Amino acid sequence: MRSRRLVPVAVAAAGFAAVVIGIHQGLVHVAPGYEGTVTTGWDGGLNHEERLLARLALIGVVGAAAAHRWRRLAVVPVAAGGVVLFYAARAVLHYALDPGLYVTVSTYGGGSTRFVLGAEPFLLAAGGLLLVAAGVEGWRARPRRPDDDQSAVAPSAR
C-alpha cells in the first residue's frame, strides 16, 4: 500500500504545522477579568529559539520522508520532536516557578493580575508529539518489496 508509506510524512507535516502555528502564539497571557499586559523584550518578532524550533520541525519532516529509503533516519523526527517537547516543558516550568501561573500576583500600580498559559506551549507539545509519532511510525513501517513474498515461502520438501 503506497498510501501507508505516506502516513509518517503526513503526521510529521501536521507536527510541523502545529509548531509553526504555535510559535506565532503567546506563551503567557493575562487571565480574563484582570488588568495588565505581558511585556516581552522584543517588539513582536520571533526570537531565535522560535525560529530554531520551526527549522527543527522542518528537519523532522525531511527525516520522516527520508525514512522511507533509509530506516535509520526515522530517529530524526523523534529527536526533533524531543527538542520541541523539551523547549515547551522548559518554558512552562520557567513561568510556573516565577511569578507563578494561575495565581494572583501584584502589579506595579498596586493592582493584581493573574497569568495563564497561552496557546503556544500546547501547540508546541502537540507538534512535538506528532513528530515523535511520525518517527515511530516511520521506524515500524516496512517497505513491501517483491522479493519479500519469495522469502516467506517455505522451501519445498524433497
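Under the rule of at least 5 residues apart or a separate chain, name every residue whose amide H is placed under 5 Å from the amide H of residue 25.
Sorted by chain and number, the residues that satisfy this come to none at all.
What is the local net charge at residue 117, summed over the other residues whose Cβ is closer than 15 Å to its Cβ (Lys, Arg +1; Asp, Glu -1)?
On the way: positive: 90, 114; negative: 98, 120.
With Lys, Arg at +1 and Asp, Glu at -1, the net is 0.
How would you order 127-133, 18-24, 59-65 from highest to lowest mean count of nearby Cβ atoms within 10 Å? Write down the numbers at each step before the final one.
On the way: 127-133: 25.6, 18-24: 20.9, 59-65: 23.7.
In descending order of packing, they fall as 127-133, 59-65, 18-24.
Quick note: the coordinates plus some simple rules give every number you see, no bench work behind them. Bear in mind the structure is a predicted one, so any value in this text is a computation, not a measurement. As a convention, Cβ positions derive from the backbone with ideal geometry for all residues, glycine included, and neighbour counts pool all protein chains shown.
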